[in-house]
Amino acid sequence: LARKLAQKRAQTTPGPVPNGIARISQRQPLPFTFPVTAAAPPPLPQRAPVKSFAIRPLKSNGVDPVATLPVELLLIIFSLLPLRALTSSSGVSKPWRRLLAAHRYLWRDLDLALDCKNNIPVAAFAALTKRAGTHLRSLVITGLTTELTGAAWRSLALVPSHHPNLASLEIHPGHRCTAGGSSHLTASILATMVGPNLTSLRLPGCAGVNDSGLRVILAKSTRLESVDFSQCPNLDGNGFAPGGDEPVQPSSLRRVKLKGCRAFTSQGIHELAKHHPHVTELDLTACPHVTVTALSDLGIRRLRNLESLTLWNHASLTSEALAGTFEHLERLTTFYLLASRVVDHRVIAALGSSSAKTIPLRSLSLPSSAHASEADWIQLFARATFLEHLNAASCPGITPAALAHLPATLKSLDVSGLSAVTDAAVKSVAVACPDLMRLGISGTRVTEKGLQYAVALLPHLRHIDALRCPHISALALNKIRESGDICLDWSYE
């Protein structure tokens, strides 16, 4: 039977060959042959098919794949998760929930980005803070869209009593909140809200923060180092002075931000300088009632330890007052000013009027300073040997000759809006500042060749602002993007 089957197969004629196979079979053999090895290579092992894995509810006899990892590694992974992901992880399984509940320090930094049309969900808020226990260190609430009720403020006020180690508290009202978005915030609630270990308090835009509340905050929290009361309309500054029957305690206040406090007066500056002389950072942006005399006394009499000063939108500011302020601020490292008409040779000279050969200035922002000449800038650069950040946009005194004298420590430079900045100026900047990481040349006459100079000569360059540069094409920018890890801002108008 086997012989007959073999004969039948031999007599069977093959069917028609497909066209593709016929063409392949008609090809000529290759003119060379591959060498034949003595032993054929072993066949490759077949890979097992990859099975898809999905997290499902664990059964009683199931195995949690994450449970095979060490507990220390799991805790490191959980500590890197944001709050929303951490909350979702606690509902995956009972082992995960027990692990997250046992290690309360994972909940020590609560950043609640809310979008509550009604108000803060008090029950959910209490449950989250309860998970942290005594390990709660930081509480940030942002995205509020409506006015907080008295119950919400009282629930917030109970946080320090249940969490004595709270060090930072921030409540940011949303952009849709009105000016009276904290009318239910009273002095008694503020007294309860501030704990003894609080070091940072930020309540921007809270209409309930007035001078009586500020006085209560400073009296109760002796470790407070940083306050932010920006856009608080009812704060005039008298609260920086202690009450008549309160004992005078040494102040630990270091950073004060009063941006947009329209009611803040010169008397508030005097009280701040008198009772808190160790302040190192002060922001007085858009405080129209702060006079020139108060600014002069600020540097001459009290705040000699000031390191950072921000003065924007002060209509009464003069060159004499600003120069008199700088003559005694020998520790000033950061200065921001947007007042082009007052910055002249006297102000520039006062910035470098220290008795030492060099000044500790590290960050300087003087955009649109039209009255400072090229010689003034060169004189400043010669003494500011520690300067790292410079914003001199639309300053006609910044010429290619001045840019050649930039200090070598500079890491960020903005010379936008200057028609004198060309490819040669960019090359001189790259030679003078080899550690430059950010360059702003928006609205200048820099071409593609200048960008090539910057990329080739600046190995640490990470960001270039080339907006409104008509001599730079998109093709050149794409080549720069492909050449390295550089972020480019560009648009042609």
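Structural remarks
- Fraction of accessible area attributable to carbon and sulfur, segment 396-485 (%, probe 1.4 Å): 56
- Projecting label points 7 angstrom from Cα along Cα→Cβ for residue 370 and residue 188 puts them 5.6 nm apart.
- Gain in span if fully extended, residue 2 to residue 111, counting 0.36 nm per residue against the direct Cα distance: 31.1 nm
- For the listed residue pairs 274/411; 220/259; 130/220, the alpha carbons are over 26 angstrom apart in 274/411.
- Label point 7 Å beyond Cα of residue 411 along Cβ direction - residues of segment 380-401 with amide nitrogen under 14 Å: 386-390
- Two-site FRET efficiency, residue 135 against residue 481, from Cβ-Cβ distance with R₀ of 45 Å, rounded to 0.05: 0.50
- Each residue of segment 375-386 is assigned a 3J(HN,Hα), and the resulting list reads 5, 5, 5, 4, 5, 5, 5, 5, 9, 8, 7, 9 Hz, derived from the Karplus form 6.51 cos²θ - 1.76 cosθ + 1.60 (θ = phi - 60°), x at Gly and Pro.
- Here the Karplus relation 6.51 cos²θ - 1.76 cosθ + 1.60, evaluated at θ = phi - 60°, turns the backbone of segment 263-280 into coupling constants of 8, 5, 10, 5, 4, x, 5, 5, 5, 5, 5, 7, 9, 9, x, 9, 5, 10 Hz, with x for every Gly and Pro.
The values are calculated or read from the model by the stated rules, or taken from the named source; none is laboratory data. Bear in mind the structure is a predicted one, so any value in this text is a computation, not a measurement. As a convention, Cβ positions derive from the backbone with ideal geometry for all residues, glycine included, and neighbour counts pool all protein chains shown. Just so you know, the surface numbers come from the protein's heavy atoms only, side chains and all, with ligands and any DNA or RNA stripped out. Shrake-Rupley method; radii C 1.70, N 1.55, O 1.52, S 1.80 Å.
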